[in-house]
Amino acid sequence: MMPEVPEWTAIGKMMIGIGLLIIGIGVLLVAMDRIASLGNLFGWLGKLPGDIAYKRDNFSFYFPLGTSIVVSVVLSLLLYVLGWFLRR
């Protein structure tokens, strides 16, 4: 009789996938600086209505509330769809 082994392989595969996703996002961010058309693609990010920007003489405050909401909705939908595909 073999002892029960936890599913470490599933956790390992998930961590590798998350790492590859982070690497992909990093490559995209670096490419946005180098390729002009990619930089213009995400130029709206951080300039949405609802983003709070306050500037004075020697003080500035920026809180991207609208951008945070949009990013949260997009990521939630993406993770929902990904979870739906993985459950099938």
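Radius of gyration (Cα atoms) of the chain, expressed as a multiple of 2.2 N^0.38 Å: 1.64.
For Leu48, nonlocal amide neighbours, meaning residues 5 or more places apart or on other chains whose placed amide H falls under 5 Å from its own, are Thr67.
Spin-label model, Thr9 to Val70: label points 7 Å out along the Cα-to-beta-carbon direction sit 4.3 nm apart.
Across segment 14-19, coupling constants 3J(HN,Hα) worked out from phi with the 6.51/-1.76/1.60 Karplus curve, θ = phi - 60°, read 5, 5, 5, x, 5, x Hz, and Gly and Pro carry x.
With helices as the sole contributors, the chain gives -21500 deg cm²/dmol at 222 nm; each DSSP H run of n ≥ 4 counts as -39500 (n - 2.57), and the sum is divided by every residue.
For segment 43-59, backbone phi angles converted through the Karplus equation (6.51, -1.76, 1.60; θ = phi - 60°) give residue-by-residue couplings of x, 6, 5, x, 10, 7, x, x, 6, 9, 10, 10, 10, 10, 4, 10, 9 Hz, Gly and Pro being listed as x.
Axis of helix 65-87 versus longest Cα principal axis of the chain: the two differ by about 20°, to the nearest ten degrees. Sketch the reach of a paramagnetic label on Leu20 as a point 7 Å from Cα along Cα-to-Cβ, and name the residues of segment 66-88 whose backbone nitrogen lies under 18 Å away. Output list for this probe position: 79, 82-87.
No lab work stands behind these numbers, since they all come straight from the coordinates. Not measured: the values here are computed from a predicted model. When we count neighbours, we look across all protein chains shown, and the Cβ atoms used for this are built from the backbone with ideal geometry, even at glycine.
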